[in-house]
Structure formats: structure tokens, C-alpha cells
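Colleague: For reference, the structure I am asking about is given below.
The values are calculated or read from the model by the stated rules, or taken from the named source; none is laboratory data. On a predicted model such as this, the values are computed, not experimentally measured, just so you know. We place every Cβ from the backbone using ideal geometry, glycine too, and count neighbours over all the protein chains shown. Please note that ligands, DNA and RNA were not included when accessible areas were found on the heavy atoms of the full protein model with its side chains. Shrake-Rupley method; radii C 1.70, N 1.55, O 1.52, S 1.80 Å.
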Amino acid sequence: NVIYQTAEDGLGDTIRPRLEDLGADCSRVLVVDESEQALTLSDERLEQAIRKTGAGLAVLDPIQAYLGGIDMHRANEIRPLMHRVGVLAEKHHCAIVLIGHMNKNSGEKSSYRGLGSIDFQAAARSVLVVGRIKDDPTLRVVCPTKSSLAPEGKAIAFRLDPEQGFQWVGEYDISAEDLLSGNSRGHKLREAQSFLQEALAEGALPQTEIEAAAEQKGI
């Protein structure tokens, strides 16, 4: 069972249709009723729901909507809240995924791009950055920036295609910093490969000639 709380998308017109398109069993995707009282990370209803359903996964999207009046920029307020979330996850053997937005400071390292206190990322055991590939509007990349309990994996791309839906693409050559800044290293690699195939289509060429032509194309 999965508990999925979202403050951004409608359950009936957005979340459920997307789940159904992916073949999900929607009877096992559960939601805490917020019609009369908004849910927070410190709300007893969250633990009650996890315990009652035996949920193995709880998703809160975005984290900013579930702070309950806590100042997200103050470490002394965020630290005990995140500790409580960690205890909750361990106590009930439930993975808790918190989705957050990024700030606009493109020059900063990925660990400082999350909105609010750095303590959000400090408390998390795994941090993943998801970003778009500028030159391919259907492509997204999941890039690990922290992995406390396992070796750090490689970036993996997936495609959101209007006709085919969700599709994993595979490993993608890009760092979190390049992904967030819009520097598509994977795209540049494919551009270089295409250039070489075109340049050598009619046979071998001197290396110096290839390098000069590549430099002219910005490769």
C-alpha cells in the first residue's frame, strides 16, 4: 500500500488518471482526508494511516505544503521535524519520500538548490534531483546527489511521451550540477558522435582536420 499526499495536483482529474495509465492498482493508493484539516509532517494522522494500512511508501508533494507553520529556513525548527519523520519511517518500515522544489540560484551546488534549510537534505538518507533536458522536451533525468545507505548510482533518464507515456531510457551521462544548469552533457556526447559519423562517412581523415572541424562546431 502507498499513501500519496499532494497539494498541487487534483486526485480525480490528474493523479488517478496518471496512475491508471501506468497500470497501478488504485485500491492500494491511499490518501489522508484533508477536507477539514490540512495534514502536516507532525500530524498524528500520518502515523495512524501508515500503521493502519501497513503502507510501505508514503509520498508528500511538495514538502513545503506539509510543514504546518514551521519556518522552512530555520534549522532549529526543521531539524526536530525531520528527526521525527526519520523515526516514523524506521518504526513502521515505511519509505517516506518528500518532494521539494528548487530555488533559482543556478550558480550554486545542487545540495544548496533546495528551498529552505539544508537540514532537509542532511536528514534524508537519499537525495535525488530530477530535471529536464533542455534540448529534448520529453526527456527527464534522475540524478543522485546523496546516498548514505548504498553506493551512489548513476543518473538515469526517463521519457514522458504524449503517446507512449512513461518509459525508462537508461543511464545518462550528466552530473546534477550540469542538469540543473541546463548543460546537457549526454546531448553533447550524442552531438559529437553524430559529427564523427558524418565526417568519416566517406573514409578516414587526418586527426588534425577532424579536430579543427569539431572546434568550428563547438565540439
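Colleague: Please work out if LEU128 is hydrophobic (A, V, I, L, M, F, W, C), more than 30 Å from ILE210 (Cβ to Cβ), modelled with pLDDT under 85 and surrounded by 14 or more Cβ atoms within 10 Å (Cβ to Cβ).
Modeller: It is false that LEU128 is hydrophobic (A, V, I, L, M, F, W, C), more than 30 Å from ILE210 (Cβ to Cβ), modelled with pLDDT under 85 and surrounded by 14 or more Cβ atoms within 10 Å (Cβ to Cβ).
Colleague: Which of the residues that make up the stretch 61-79 are surrounded by 13 or more Cβ atoms within 10 Å (Cβ to Cβ) and either on the phi > 0 side of the Ramachandran plot or not aromatic (Phe, Trp, Tyr) (or both)?
Modeller: Result: ASP61, PRO62, ILE63, GLN64, ALA65, LEU67, ILE70, MET72, ALA75, GLU77, ILE78, ARG79.
Colleague: Restricting the search to the stretch 39-60, which residues are exposed (fewer than 12 other Cβ atoms within 10 Å of the Cβ) and touching a residue at least 24 places away in the same chain (Cβ under 8 Å)?
Modeller: Matches in the stretch 39-60: GLY54 only.
Colleague: In addition: Give the residues of the stretch 133-157 that are free of Cβ contacts under 8 Å to residues at least 40 places away in the same chain and surrounded by fewer than 16 Cβ atoms within 10 Å (Cβ to Cβ), sorted by residue number.
Modeller: PRO137, THR138, SER147, SER148, LEU149, ALA150, PRO151, GLU152, GLY153, LYS154
Colleague: Could you list, in sequence order, the residues of the stretch 116-125 that are open to solvent by less than 40 Å² (accessible area, probe 1.4 Å) and over 14 Å from HIS73 (Cα atoms)?
Modeller: Passing the criteria: only ALA124.
Colleague: Pull up the stretch 13-30, narrow it to residues that are under 21 Å from the mean Cα position of the chain (by Cα) and aliphatic (A, V, I, L, M), then point me to the one that is least open to solvent (accessible area, probe 1.4 Å).
Modeller: This residue is ILE15.
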